[in-house]
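Worksheet: one structure, shown below.
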2 protein chains.
Amino acid sequence: MDIFYSPEHRAHRGEFEFFRGELVPCFEKPERADYIHAALVRQELGNIVAPGSFPLDAIERVHAPRYLRFLEGAWDEWAALGNTRDAIPAVWPIRGFRHDVEPDSFIARLGMYSFDSGTPFTAGSWQAAKLGADIALSAQRRIAGGARAAFALSRPPGHHAGADFLGGYCFINNAAVAAQAFIDGGAHRVAILDVDYHHGNGTQSIFYGRPDVLFQSIHGDPKTEYPFFLGHADETGEGAGAGFNQNYPLPAGSGNDAWFAAFDLAASRIRAHAPDALVVSLGVDTYVGDPISKFRLDAPEYLRMGDAIAALGLPTLFIMEGGYAVKEIGDNVASVLRGFRDRAG
Amino acid sequence: MDIFYSPEHRAHRGEFEFFRGELVPCFEKPERADYIHAALVRQELGNIVAPGSFPLDAIERVHAPRYLRFLEGAWDEWAALGNTRDAIPAVWPIRGFRHDVEPDSFIARLGMYSFDSGTPFTAGSWQAAKLGADIALSAQRRIAGGARAAFALSRPPGHHAGADFLGGYCFINNAAVAAQAFIDGGAHRVAILDVDYHHGNGTQSIFYGRPDVLFQSIHGDPKTEYPFFLGHADETGEGAGAGFNQNYPLPAGSGNDAWFAAFDLAASRIRAHAPDALVVSLGVDTYVGDPISKFRLDAPEYLRMGDAIAALGLPTLFIMEGGYAVKEIGDNVASVLRGFRDRAG
Ligand SMILES: [Zn+2]
Ligand SMILES: [Zn+2]
């Protein structure tokens, strides 16, 4: 399958994230994508293809224009205030605060559009985030054009970003942008399967009221795991979207069997939805060796994961999300794609 | 007038606050209260009285019990996780996230109950915050017993704390606790006048739906000034509380005349409310020399402020809020009390 990638993701290189009361070096590093790229090339899993550039319209289909305007100008504004460090929010609107009035203050707008202080906004964040969405859209076009599968090696990741908020190392929700592009291209139904260790809270919130985009997420229980405030099993959609959202939270420490039992439930929901395309939010931070996550999937399980996804028999767009055990991340992603290829042909 | 104070406020001593992308030394220091105490003693403005201790019931009248339980146990939980630095939130529930499920994770609960990362939770924060509320309640009892006025030298301050959130250096809303105590003691109507540079977002949100407690706040325009997400002029109360909340946001740089023009509007609202008691959230960060605020009140204006408050002719409880120009803070507070005394007798 074609692998969409650009080395310019390196424009986003956060220095520190705020964690447990102190600034620590960022876990979300450029090397993550480089390791994946190297493993895919080494294992000859497909051609590396440079992405095209798309107008913002496709992104505005799932993100609020005022949020995108903010992201686009954020670094220049921050730098004009005399700052050289990465921008990290420090005050935010909680219960009962207003969201309808956009403050003039930069730091207030940054807080209004953020849900954590672990996602530094850097000089190259907008460029890299836009590029990540362009990569997702390029891969989506390939599938819309008839390919069985494609892989979008987007970085930074996207599944924590909502219509108007960033967080969890994410700025633009690449999976949501791509799913919407399928719909806008004529698809009647799309399914998003999120296999990242962390709940795809941004993706869920974007499609929560819609019946056309089914969302299925297998992840660490938000009672104890990031992003904490969404991802429970009783979140099943609202309004017209009621019944089109399922979460499969698993306790920290869950291993292969528990994970694939949840996968089988998600797969049966996807089959019942009969989508025209499947978007996979592919995080490999479910790996037993991941430094910030707590599932215990062994390396061979990623082959099995790719095989099981291929068995759904759907046009499939893989979009890269998390995974932080830098050395193994490339091999695990490669295993998913290999498992998929071996079944799908 | 009696001045309620305890040196044990020093138990709350934050090391760093998170500001503009980095950790900086806290502006809210124990020395603030010590300077005020010294100035009031030096100017012989009243007897220094130690506070009594009150059961939590009075605080639970305006704060959510689960929030208070969290504060009470927070340091022990945080320390049990192996932390020695102050606790500062790093992830929080934004638009569409859940507030109904309290996570097990400590850092998630800290984020759920916070709206900024400028309010470090320290080993002594709960003790000092509880003491601050006891000081406010002790002073309130003095007025309920017939005194014309009393001063609660509470620290940490309170007016940014809401029913279930901390922030802005505040944990328990001392002014709200005291206003509620007046009501619970038989008062039909109470007015709260907030003269701190920063909008009293916590106080507003606690009483926003109630007609018995009128809230009037004169402060820096939230479009540019902390706390940013509340404090606009069009916030006038809701439901039964409609019309019982007025904000007077003034642009950064406002001086004496603009400030007292707003005061006159607030005073006429207070007179119309005909309250049984007045609670003054007394911040002196309106001072021209304040390091983090942007009004330009000159030192003699604090005498005038005390005089104007006394002219309302109401039983008056002063509760200390902000003010960060440490050297001058004591003199400015003393001027307010002196202005009040000279008029009230
Ligand atoms: Zn993840
Ligand atoms: Zn203040």
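The values are calculated or read from the model by the stated rules, or taken from the named source; none is laboratory data. Computed from a predicted structure; not experimentally measured. All Cβ positions, glycine included, derive from the backbone under ideal geometry; neighbour counts span all protein chains shown. Remember, those area values only see protein heavy atoms, side chains included, never the ligands or the DNA or RNA. Shrake-Rupley method; radii C 1.70, N 1.55, O 1.52, S 1.80 Å.
Given axes a ≥ b ≥ c from the Cα gyration tensor, I'd like to know whether chain B is rounded (a/c under 1.5), prolate (a/b larger than b/c) or oblate. It comes out rounded by the Cα gyration axes. Can you give the accessible area of A:V62 in Å² (nearest 10), computed on protein heavy atoms with a 1.4 Å probe? Looks like 10 Å² after rounding. Taking all Cα-Cα distances within segment A:290-339, those exceeding 18 Å account for 31%. From the P(r) of the protein assembly as shown, can you give the percent of Cα pairs sitting at distances over 45 Å? It works out to 28 percent of all Cα pairs.
Pairs of Cα atoms under 8 Å, at least six residues apart: use those to get the relative contact order of segment A:231-305, whole percent. Across segment A:231-305, relative contact order equals 24 percent. Shape verdict for segment A:246-345, please, from the Cα gyration tensor: rounded (a/c under 1.5), prolate (a/b greater than b/c) or oblate. Taking the square roots of the gyration eigenvalues as a ≥ b ≥ c, segment A:246-345 is oblate.
Distance from the C-alpha centroid of segment B:157-234 to that of segment A:306-345: 53 Å, rounded to the whole angstrom.
Normalised by the number of residues in chain B, the average gap of Cα pairs under 8 Å and 6 or more apart makes the relative contact order 18 percent. When B:Y113, B:Y169 are compared by accessible area of protein heavy atoms, the largest-first order is B:Y169, B:Y113, using a 1.4 Å probe. For segment B:166-291, the normalised intensity computed at q = 0.19 Å⁻¹ comes to -1.03 (log10 of I(q)/I(0), Debye sum over alpha carbons, equal scatterers, no solvent). A label point on B:G73, set 7 Å along the Cα-to-Cβ line, lies at 4.7 nm from each of its counterparts in the other copies, closest listed first. The Cα center of segment A:23-70 and the Cα center of segment B:247-301 differ in position by 50 Å. Summing charges over all other residues whose Cβ lies under 12 Å from the Cβ of A:D257, with Lys and Arg as +1 and Asp and Glu as -1, gives -1. Accessible area ranking (1.4 Å probe, heavy atoms, ligands and nucleic acids excluded), largest first, for B:T316, A:T84, A:T224: A:T84, A:T224, B:T316.
For segment A:21-174, the calculated P(r), taken from all Cα-Cα distances in 5 Å bins from zero up to the bin holding the longest distance, is 2, 8, 16, 20, 19, 14, 9, 6, 4, 1, 0 percent. For segment A:108-262, a crude dipole built from +1 on the beta carbon of Lys and Arg and -1 on the beta carbon of Asp and Glu, taken about the Cα centre, is about 580 debye to the nearest 20. Shielding value for B:222-232 is 6, the average number of Cβ atoms from other chains within 10 Å of each residue's Cβ. Over all pairs of different C-alpha atoms, segment A:143-188 has a mean inverse distance whose reciprocal, the Kirkwood radius, equals 11.6 Å. Seen from A:R155, the other residues with C-beta closer than 15 Å to its C-beta sum to a net charge of -3, counting Lys and Arg as +1 and Asp and Glu as -1. One equal scatterer on each Cα of segment A:108-151, no solvent, Debye formula: the resulting log10 I(q)/I(0) at q = 0.14, 0.16, 0.23, 0.28 Å⁻¹ is -0.52, -0.60, -0.80, -0.96. Counting only DSSP beta bridges with both residues in the protein assembly as shown, the antiparallel share comes to about 20 percent.
Ligands, DNA and RNA left out, the 1.4 Å accessible surface of the protein assembly as shown is 51% carbon and sulfur atoms. Suppose we look only past 18 Å in the calculated P(r) of segment A:65-135. What percent of the Cα-Cα pairs does that tail hold? Of the Cα pairs, 38 percent sit more than 18 Å apart. Each Lys and Arg adds +1 at its Cβ and each Asp and Glu adds -1 at its Cβ; summed about the Cα centre, chain A shows a dipole of about 440 debye. Relative contact order of segment B:132-284: 22 percent, from C-alpha pairs under 8 Å at least 6 residues apart in sequence. Neighbouring Cβ atoms from other chains, within 10 Å of the Cβ of residues in A:202-210, number 1 on average. The helix-based estimate of mean residue ellipticity at 222 nm for chain B, built from -39,500 (n - 2.57) per DSSP H run of four or more residues and divided by its residue count, is -11500 deg cm²/dmol to the nearest 500. Assuming R0 = 35 Å, what is the FRET efficiency of A:L81 and A:R10, from their Cβ-Cβ distance, to the nearest 0.05? Rounded to the nearest 0.05, the efficiency is 0.90. For the protein assembly as shown, the dipole from Cβ point charges (+1 on Lys and Arg, -1 on Asp and Glu) about the Cα centre works out to 260 debye, to the nearest 20. Using the Cα gyration tensor of segment A:182-239, with a ≥ b ≥ c the square roots of its eigenvalues, what is the shape: rounded (a/c below 1.5), prolate (a/b larger than b/c) or oblate (neither)? Prolate is the answer for segment A:182-239, as a/c is 1.5 or above and a/b outweighs b/c. I need the inter-copy label distances for B:V101: point set 7 Å along Cα to C-beta, values in nm with one decimal, smallest first. Taking the point 7 Å beyond Cα along Cα→Cβ, the inter-copy spacings are 3.4 nm.
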